[in-house]
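Below you'll find the structure, written out as structure tokens, and then a few comments.
The values are calculated or read from the model by the stated rules, or taken from the named source; none is laboratory data. The structure presented is a predicted model; accordingly, all values stated were derived computationally and were not measured. Glycine also receives a Cβ, built like all others from the backbone with ideal geometry; neighbour counts cover every protein chain displayed.
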Amino acid sequence: MPHWQPPAHAEAAQGAACEQRQPTLWQRAASFARSIAVTEPVARRRELAADIVQLVGIPAVFFVLWFVPVSPTLVGAHERLGLPPCTMRTLLGIPCPGCGATTGIILLLHGQVGLAFLASLLAPPVFLGLVCVWAKSAYAVLFRRRVIVLRGPAPGRAAVYVFAFVMVAWVYKIATYFYIMHRISEGTWPLCSG
């Protein structure tokens, strides 16, 4: 008895269906990543040395910041590291755009995300940026290849976006600073131990 075989047009239809198969999510993500960044070999020892410094330095900074106590006002953590107080806050009584960023990073290290956003809107992007720089450096040291970003906003446009974000964060910081100071004066701020 002869073996049954499907008609020739059925095989052609099945082959066409296999060719039209959609890429998986992983394949699409990899394709997107290749469209925005490529890698190239690390050419000079100086580049590799810079990556090693970042690979060791960023965790070292995070380690030191882990032990810095946070002020109830959510500003001034850098003063506990021996740095001078904020000039704008000292002279004008209002926080500068960067006030609270160090405190926010400390709070993020301790997992207090809500308080980190209250301390400074700049802290989470700076923290994320440092983590990305560390990951990029780790990749360069481990694989001896440097990640090169191909796509992104034009430098002038990126500067405008960053400036606008910093101004919004500054207004937010001024508002939250005076809110916290008001709550402290009333004795209702939960971070005060008195």
Would you mind finding the one in ILE94, ILE105 that is within 27 Å of PRO190 (Cα to Cα) and under 20 Å from the mean Cα position of the chain (by Cα)? ILE105
From the list ARG46, ARG28, which residue is of a type in the set (Lys, Arg), under 17 Å from VAL133 (Cα atoms) and either surrounded by fewer than 10 Cβ atoms within 10 Å (Cβ to Cβ) or modelled with pLDDT of 70 or more (or both)? ARG46
Condition check: over 20 Å from the mean Cα position of the chain (by Cα) and of a type outside the set (Asp, Glu). Does VAL61 satisfy that? no
Only one of these conditions is not met by MET167: (1) part of a helix (DSSP H, G or I); (2) without any contact (Cβ under 8 Å) to a residue 24 or more places away in the chain. Which number is it? (2)
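Listed here are the residues, each with its yes/no results for (1) within 17 Å of ILE180 (Cα to Cα); (2) in contact with a Leu (Cβ under 7 Å, 6 or more places away or on another chain); (3) in contact (Cβ under 8 Å) with a residue 24 or more places away in the chain.
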{"residue": "PRO72", "(1), (2), (3)": "yes, yes, yes"}
{"residue": "GLY76", "(1), (2), (3)": "yes, no, yes"}
{"residue": "GLU79", "(1), (2), (3)": "no, no, no"}
{"residue": "PRO84", "(1), (2), (3)": "no, no, no"}
{"residue": "GLY100", "(1), (2), (3)": "yes, yes, yes"}
{"residue": "THR103", "(1), (2), (3)": "yes, yes, yes"}
{"residue": "HIS110", "(1), (2), (3)": "no, no, yes"}
Hey, any hits in the range 144-154 for a residue that's surrounded by fewer than 15 Cβ atoms within 10 Å (Cβ to Cβ), in contact (Cβ under 8 Å) with a residue 40 or more places away in the chain and over 22 Å from the mean Cα position of the chain (by Cα)? yes
Residues satisfying the stated conditions in the range 108-123, i.e. crowded, with 17+ Cβ neighbours inside 10 Å and not hydrophobic (A, V, I, L, M, F, W, C): SER120
With criteria (1) over 22 Å from ILE105 (Cβ atoms); (2) of a type outside the set (A, V, I, L, M, F, W, C); (3) not in a helix (DSSP H, G or I), SER185 comes up short on (3)
